[in-house]
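Colleague: What follows is a single structure, and I will ask about it in a moment.
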Amino acid sequence: MKDESGNIKRYISKSYTCRDLKLHNYNAVKFVRYNIYLSYECISDSQCLTNKCIDGVCIFNEENSTEFCTSIYINLFIRFSYMHCGKIIGDICKKDKECGSKNCLLQENICGDPSDGPSDSDITDGLINLICLVVIIFIIYKILCRYIKSIIKNKIKKE
């Protein structure tokens with residue numbers, strides 16, 4: 001990201017929960033490859049995209065929540081998607097709608113990965129759903145027809 005002066009500023013995007021910090025469930029050093037040392041270790045808040053550094057680890061910040069946007073795919077009778085924004089994967093949540101992925105893992109109270117995108121089986125699934133809908137509508141129609149016929153017969157008998 002560029003700062004006010006137009007200089008490129010690098011941030012540590014990997015963040016952890018306070019629970020991860022307490023349980024030492026984090027890895028500040030990612031890997032070394034081709035003589036490039038990649039570290040997630042922070043010294044100050046300003047190094048973290050979340051703007052919160054505790055004990056050398058970037059922590060999710062409730063006061064400065066980082067937003068994550070992704071496509072949410074739905075396959076009912078036709079396939080469609082829409083963009084949803086919310087908390088980033090791994091951030092603390094209570095409800096699905098808080099997360100950009102629309103997937104709050106309730107056992108852990110963290111935002112999970114988004115559901116899979118479109119697949120080749122979506123067309124088949126959509127057709128099956130459409131056929132089921134048509135059958136249900138047909139059954140409801142038949143039930144309503146019988147009900148209306150019985151009402152008409154009862155009216156005729158009373159006259």
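The values are calculated or read from the model by the stated rules, or taken from the named source; none is laboratory data. Since this is a predicted model, take the numbers as computed values, not measurements. All Cβ positions, even for glycine, are placed from backbone atoms using ideal geometry, and neighbour counts span all protein chains on display. Calculation scope for accessible area: heavy atoms of the full protein, side chains included, ligands and nucleic acids excluded. Shrake-Rupley method; radii C 1.70, N 1.55, O 1.52, S 1.80 Å.
Colleague: Within the range 71-88, can one find any residue that is in contact with a His (Cβ under 7 Å, 6 or more places away or on another chain) and either polar (S, T, N, Q) or not in a strand (DSSP E or B) (or both)? Give the derivation first.
Modeller: Start the filter on the range 71-88 by keeping residues that are in contact with a His (Cβ under 7 Å, 6 or more places away or on another chain), which leaves 72.
From the residues that got through so far, the ones that are either polar (S, T, N, Q) or not in a strand (DSSP E or B) (or both) too are none.
No: the range 71-88 contains no residue that is in contact with a His (Cβ under 7 Å, 6 or more places away or on another chain) and either polar (S, T, N, Q) or not in a strand (DSSP E or B) (or both).
Colleague: Residues of the range 99-140 being modelled with pLDDT of 80 or more, over 10 Å from the mean Cα position of the chain (by Cα) and in a loop (DSSP other than H, G, I, E, B), which ones?
Modeller: LEU106, GLN107, GLU108, ASN109
Colleague: Going through the range 141-159 one residue at a time, which ones are of a type in the set (Val, Ile, Thr) and either at pLDDT below 85 or open to solvent by 100 Å² or more (accessible area, probe 1.4 Å) (or both)?
Modeller: ILE143, ILE151, ILE152, ILE156
Colleague: Further, regarding this structure: Using the structure shown, decide if ARG19 is out of contact with any strand residue (DSSP E or B) (no Cβ under 8 Å at 6 or more places or on another chain) and either modelled with pLDDT of 80 or more or under 30 Å from ASP125 (Cα atoms) (or both).
Modeller: No: the conditions fail for ARG19.
Colleague: Related question: Would you pick out the residues in the range 8-26 that are within 20 Å of PHE68 (Cβ to Cβ), of a type outside the set (Phe, Trp, Tyr) and assigned to a loop (DSSP other than H, G, I, E, B)?
Modeller: Scanning the range 8-26 gives LYS9, ARG10, SER13, LYS14, SER15, THR17.
Colleague: Sticking with this one: Which one is nearest to LEU133 (Cα to Cα), of the residues in the range 79-102 that are in contact with a helix residue (DSSP H, G or I) (Cβ under 6 Å, 6 or more places away or on another chain) and open to solvent by 30 Å² or more (accessible area, probe 1.4 Å)? I'd like the intermediate steps shown before the answer.
Modeller: Quick first cut of the range 79-102, residues in contact with a helix residue (DSSP H, G or I) (Cβ under 6 Å, 6 or more places away or on another chain) only: 79, 86-87, 102.
Retained after the next criterion (residues that are open to solvent by 30 Å² or more (accessible area, probe 1.4 Å)): 79, 87, 102.
Values: ARG79: 16, LYS87: 35, LYS102: 26 Å.
Per the stated criteria, the residue is ARG79.
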